[in-house]
Amino acid sequence: MARVVLPWDCRQFTGGQTEFDIEADTVRRLISQLDARFPGLGEFLSQKMAVAIDGEIHQDAWSSAIRPASEVYLIPRIGGG
Amino acid sequence: MSKLHVSTVVNGDPVEFLADPAMTLLDVLRDELNLTGSKEGCGSGDCGACSVIVDDRLVCSCLMLAAEAEGRRVATIEGLAQGGQLHPLQQKFLEHAALQCGFCTPGLLMASKALLDVNPDPTETEVRYWLAGNLCRCTGYDKVVRAVMDAAAELRQERV
Amino acid sequence: MSDVLDKPAGSPALKIVGSRPIRPDGADKVTGRAAFGADFNMPGQLVGRVLRSPHAHARIVSIDTRKARALPGVKAVITGADFPDVASEMHDGGESASNLRDLAMNVMARTKALYNGHAVAAVAAVSAAVAEAALALIEVTYEVLPHVIDVEAAMAPDAPVLHPHMFTEGLDAKPTTPSNIAKRNRLGRGDPDQAFAEADVVFEGRYTTQAVHQGYIEPHACVASWAEDGQCEVWSSSQGQFMVRTYCAKVLGLETSSIRVTPAEIGGGFGGKTTVYLEPLALALSRQSGHPVKMVMTRDEVFRATGPTSGAVILVKFGARSDGTIIAADVELKCQAGAFAGSPVGAASMTALACYDIANFSITGWDVVTNSPKVAAYRAPGAPIAAFGVESALDDLAHKLEMDPIALREKNAVRDGVKAAYGPKFTNIGFLETLAAIRDSDHYSAPLGRNQGRGVAAGFWFNVGGESTAAVHVGEDGSVAVVTGSPDIGGSRASMAMMAAETLEIPLDRVRPRIADTASIGFSMLTGGSRTTFATGMAVVQAAEKVVADLKRRAALIWEVAEDQVDWAGGAAHCLDPGKDVGPLTLGDIAAKAATTGGPITAQVSLNAQGAGPGFGVHVCDVEVDPETGHVTVLRYTAAQDVGKAIHPAYVEGQVQGGVAQGVGWALNEEYIFDGEGRMENAGFLDYRVPVASDLPMIDAILVEVANPRHPFGAKGVGEVPIVPPLAAVANAVRGAIGVRMTDLPLSPPKIRAVLDARDG
């Protein structure tokens, strides 16, 4: 099970909890599982969040692989000038 | 108001044009003569992107009325390279990577040319103060100043 | 000039990457041939002009355009009523996400003008003079409302409210009344309260910055044509032709396929050209008039209606052990968003403590709307603001601990395996190496004179990847075109050509890089976020690799050998089969036979690049303060940065030097000054003074190369990091010179005089 950590912003969906263990092998599955548990969270994550899998940031990358021991951080999307 | 007839010399060639009395030299260069190498960054003489040389004097063409070009010689960026050969300043700007976006570059080159015409061996401080009227937001001026100094050295070499 | 350190070990010998060739677009840029936004014209084009609100906050009661329409030569007049309603929807146009409804209302005000300079109407006419006369004939009735620009004043409960439907997001409970606070964001770890209680030393500071403009020298410009069949052409200067296409389509309710956007050369952007202002207006004017319309902003309009980045308040508190270990931090950031939500406070919060490994911290950010132009991205958006506070406070903490400022940073620096304050774990970062490069530089130990001071500061930027497309086409003579969708804002064409030539193993002068319009290449996100050399470069390399594979296949066909019997080296196929007595086939040889071996030789790669490596910079700055005038002279400046791998070191140094110059301007001169009516008082280059050549010394760039394994040549983004440290580096140097901490940017002579007067009694 991958360890998933959500930012403060997501507490409105989860009732305060921000850390979960989730069985998912891709970013897409991770988002859909979180959405199944907390309706609306999936869209919020898709629109506003990037994913850091074991330290590497993935943006709009649903096919990116998550390993069973992965540490996954949802972080605000990053732009730039 | 009727247009004024102006006879002038641009980059060595005789040129005639009709201009509204309120038109700037920059407007005429860009819009009437299709010499769009001179740029408008401010329209108030603060950025130097429109720098041209009129009778050996560096001017912001956005601050000069087109009618004032009557009987004068105007040199623009389009005339800096001669016979298919880049001017040493142009070559040194490329070698030193003295440009990023390139928008201020025509003005910087004309200002640098005017400097080297009157001072073939400027110090770094002299280059910096002479070019203080030409804004560049990309380079921090480091490579620009180096390119001008290097071009000056090469031009001095050519004169020997 | 640069020292290049730490060559990545084990990488194959590179022939082109890492060298300093003349850029492929160079001749056009030094001869005046290069066509920027305002250099393009269409037959029969009209001149478009914008009427802007003279009020910082006003209800638009009515707009009467009849007299303007009646003026001979006027061909179109538009107001907010000519645009469709756009639903509130976040759109990631490439970099910072925009709310499309806000974007549409920023382009043209509807019921309210929200800042002095907000567009309220536009005209197209046969000449500039007629267009301007027409603007004067448009009668707008305003009901002027109280306005607010200062960020803390805008947060006050009694502040005039810009958007009656704005309720602060991110609070524990949804507020019951609207306010100007769009959002609160928070990051945290551990137990800061407990850790502060256990700290040996606590230092606290409050820092303020003013809005500053990106200051690109080329004003926004475009030509747009809306044909009778509904097909639209836009020629414009921007950081992304696809961004322009998307935003125009959304604002005008069009399909993207009906708009073709051709990118002009761009005369600087720095984030400020990551959105649209003129293009949708020009299209709407073209539709109404039936003519192409050209629009070019004046410098006054650029200042009053585009950019800037936020003015901000930054509160920083550090708790440390006496050995310098920082055990607690608290950062609060309040950032002006301008007229619509979306300040860079999110990135400011995420970057604020990104350089340091701190067990307990709390970061709170506030995104606050104000009656000033909607902020646009500006080079590492938000990060310089946060770093100004954090790095100033660290400097004072070092003084309090009697520690060397670099030693304090080294003690707390993030390194591989450390979890960043914003979440992920760092890998392949070069912060310690960058600190060491400054610590060991001649500059850091050089003696200082009277009234002189030295300051150091660090900075961080994430760098991003994202969507890019590149195509590699081989001509029948073996020369190569490399086509991308990424505007070249600072010399990226050179790096694209170099990476392609390196991969194909051919001379650089056989490769021509081009930037295509939106109909001629696949989608690419805009040039920004320091992504182009990384992400578009990755697409270029992959496309070139596909071409090499295709060339080997064709050589095998020609030689009648298996494909694995062909090697590609030195720009030619070599036959490995000892039974064949054949010489190498060059790219030109194979290209000449393309028809017989499968047709044109070409490859296109579209990707969504992940794995951009974060960048760290450490700067040291010497200043001298004139005690009589309060003027600060920057005497010497050295900037070290981890760049992964410098593809073209001269342009990497240029990015560093340019970012430093902008940061020095932010520290010493630049600010938006508003009068009591909310009108910008210094909307011109004379009064809004960006650094000029005589304000700056040479800027030494030290390129540290800790390779990014996710890029084919190890590159990391480089363009944004350099603007992050200078604000604090300069302020810390001024503290060194005068012995007093200054916390309010810019450090202009009157402020310094006041501090010196107070100091000297």
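In the range C:747-761, the residues that are not in a helix (DSSP H, G or I) form Cβ pairs under 7 Å with partners that are not hydrophobic (A, V, I, L, M, F, W, C), at six or more places apart or across chains, as follows: C:Ser748/C:Asn669. Exactly one residue among B:Asp117, B:Asp56 is among the acidic types (Asp, Glu), in contact (Cβ under 8 Å) with a residue 60 or more places away in the chain and not assigned by TED's automatic domain parsing to the domain that holds B:Arg146, and that residue is B:Asp56. Do we find that B:Ala67 is over 27 Å from B:Arg146 (Cβ atoms) and either surrounded by fewer than 20 Cβ atoms within 10 Å (Cβ to Cβ) or assigned by TED's automatic domain parsing to the domain that holds B:Leu29 (or both) in this structure? Spelling it out, B:Ala67 is indeed over 27 Å from B:Arg146 (Cβ atoms) and either surrounded by fewer than 20 Cβ atoms within 10 Å (Cβ to Cβ) or assigned by TED's automatic domain parsing to the domain that holds B:Leu29 (or both). Applying the condition of being within 8 Å of chain C (Cβ to nearest Cβ) and not in a helix (DSSP H, G or I) to the range B:111-150 and asking which residue is surrounded by the fewest Cβ atoms within 10 Å (Cβ to Cβ) yields B:Leu135. Applying the condition of being within 14 Å of another protein chain (Cβ to nearest Cβ) and assigned to a strand (DSSP E or B) to the range C:161-185 and asking which residue is nearest to A:Val5 (Cα to Cα) yields C:Asn185. Residues in the range C:524-567 that are part of a strand (DSSP E or B) and β-branched (Val, Ile, Thr): C:Val566 only. Could you grab me the full set of residues in the range C:513-541 that are farther than 24 Å from C:Gln214 by Cα and out of contact with any strand residue (DSSP E or B) (no Cβ under 8 Å at 6 or more places or on another chain)? C:Gly537, C:Val541 - these are the residues of the range C:513-541 that are farther than 24 Å from C:Gln214 by Cα and out of contact with any strand residue (DSSP E or B) (no Cβ under 8 Å at 6 or more places or on another chain).
Screening C:Leu504 with (1) hydrophobic (A, V, I, L, M, F, W, C); (2) more than 14 Å from chain B (Cβ to nearest Cβ); (3) within 17 Å of C:Pro263 (Cβ to Cβ) gives one miss only, at (3).
Just to be sure, is C:Ile406 among the aliphatic types (A, V, I, L, M), assigned by TED's automatic domain parsing to the domain that holds C:Ile752 and out of contact with any Asp or Glu (no Cβ under 8 Å at 6 or more places or on another chain)? Judged against the criteria, C:Ile406 is a match. Quick one: in the range C:528-566, which of the residues that are small (Gly, Ala, Ser) and either in the same structural domain as C:Gln655 (by TED's automatic domain parsing) or more than 34 Å from the chain's Cα centre (by Cα) (or both) is surrounded by the most Cβ atoms within 10 Å (Cβ to Cβ)? Among them, the one singled out is C:Ala555.
The set of residues in the range C:218-261 that are away from chain B (no Cβ under 14 Å) and β-branched (Val, Ile, Thr) comprises C:Val234, C:Val244, C:Thr246, C:Val251, C:Thr256, C:Ile259, C:Val261.
C:Ala737 satisfies every condition listed in (1) in a loop (DSSP other than H, G, I, E, B); (2) away from every other protein chain (no Cβ under 14 Å); (3) modelled with pLDDT of 95 or more except (1). Can you name the residue in the range C:656-697 that is under 22 Å from C:Gly338 (Cβ atoms) and at the interface with another protein chain (Cβ under 8 Å from one of its Cβ atoms) and, of all such residues, is surrounded by the most Cβ atoms within 10 Å (Cβ to Cβ)? By that ranking, first place goes to C:Gln662. Scanning the range C:593-607 for residues that are more than 17 Å from C:Ala544 (Cα to Cα) and either touching a strand residue (DSSP E or B) at 6+ places or on another chain (Cβ under 9 Å) or not assigned by TED's automatic domain parsing to the domain that holds C:Val541 (or both) yields a single hit, C:Lys593. Pairs are defined by a Cβ separation below 7 Å, a sequence spacing of at least 6 or placement on different chains, a first member in the range C:186-214 that is more than 14 Å from chain A (Cβ to nearest Cβ) and surrounded by fewer than 20 Cβ atoms within 10 Å (Cβ to Cβ), and a second member that is among the polar types (S, T, N, Q) and assigned to a helix (DSSP H, G or I); the pairs so defined are C:Gly205/C:Ser392. Would you check if there is a residue in the range B:72-88 being hydrophobic (A, V, I, L, M, F, W, C), touching a Leu at 6+ places or on another chain (Cβ under 8 Å) and more than 14 Å from C:Lys29 (Cα to Cα)? So far as the range B:72-88 goes, yes, one or more of its residues are hydrophobic (A, V, I, L, M, F, W, C), touching a Leu at 6+ places or on another chain (Cβ under 8 Å) and more than 14 Å from C:Lys29 (Cα to Cα). If only residues of the range A:27-72 that are under 26 Å from C:Asp416 (Cβ atoms) and of a type in the set (S, T, N, Q) are counted, the one that is farthest from the other protein chains (Cβ to nearest Cβ) is A:Ser70. Give me a count of the residues in the range B:65-110 that are away from chain C (no Cβ under 13 Å) and among the aliphatic types (A, V, I, L, M). Matching residues across the range B:65-110 total 5.
Within the range C:19-45, the residues that satisfy the criterion of being in contact with a helix residue (DSSP H, G or I) (Cβ under 6 Å, 6 or more places away or on another chain) and more than 8 Å from every other protein chain (Cβ to nearest Cβ) are C:Pro21, C:Pro24. Applying the criterion of being part of a strand (DSSP E or B) and closer than 15 Å to A:Pro76 by Cβ to the residues of the range A:11-62, the residue that is nearest to the chain's Cα centre (by Cα) is A:Val51.
Among the listed residues C:Asp395, C:Asp488, C:Asp416, identify the single one that is closer than 30 Å to C:Thr527 by Cβ, of a type in the set (Asp, Glu) and buried (at least 21 other Cβ atoms within 10 Å of the Cβ).
C:Asp488
Listed conditions (1) within 14 Å of chain A (Cβ to nearest Cβ); (2) over 20 Å from C:Pro725 (Cβ atoms) are all met by C:His291, apart from (1). Once the range C:410-452 is narrowed to residues that are of a type outside the set (S, T, N, Q) and touching a Gly at 6+ places or on another chain (Cβ under 7 Å), the residue that is modelled with the highest pLDDT is C:Lys411. Within the range B:1-50, if we keep just the residues that are among the hydroxyl-bearing types (Ser, Thr, Tyr) and within 11 Å of chain C (Cβ to nearest Cβ), the residue that is farthest from C:Arg689 (Cα to Cα) turns out to be B:Thr36. For first residues located in the range A:1-23 and under 20 Å from C:Tyr422 (Cβ atoms) and free of Cβ contacts under 8 Å to residues at least 12 places away in the same chain, partners that are surrounded by fewer than 16 Cβ atoms within 10 Å (Cβ to Cβ) and among the β-branched types (Val, Ile, Thr) and lie 6+ apart or on another chain with Cβ distances below 9 Å form the pairs A:Trp8/A:Thr18; A:Arg11/A:Thr18. Annotation: of all residues in the range C:590-624 being under 30 Å from C:Ile438 (Cβ atoms) and out of contact with any helix residue (DSSP H, G or I) (no Cβ under 7 Å at 6 or more places or on another chain), the one that is surrounded by the fewest Cβ atoms within 10 Å (Cβ to Cβ) is C:Gly611.
With the condition being away from chain A (no Cβ under 14 Å) and of a type in the set (Gly, Ala, Ser), I'd like the helices (runs of 4 or more DSSP H) fully within the range C:356-450 carrying at least 2 qualifying residues.
C:383-401, C:431-439
The values are calculated or read from the model by the stated rules, or taken from the named source; none is laboratory data. Predicted model only: the values in this text are computed from it and were never measured. Glycine gets a Cβ as well: all are built from the backbone with ideal geometry, and neighbour counts include every protein chain shown.
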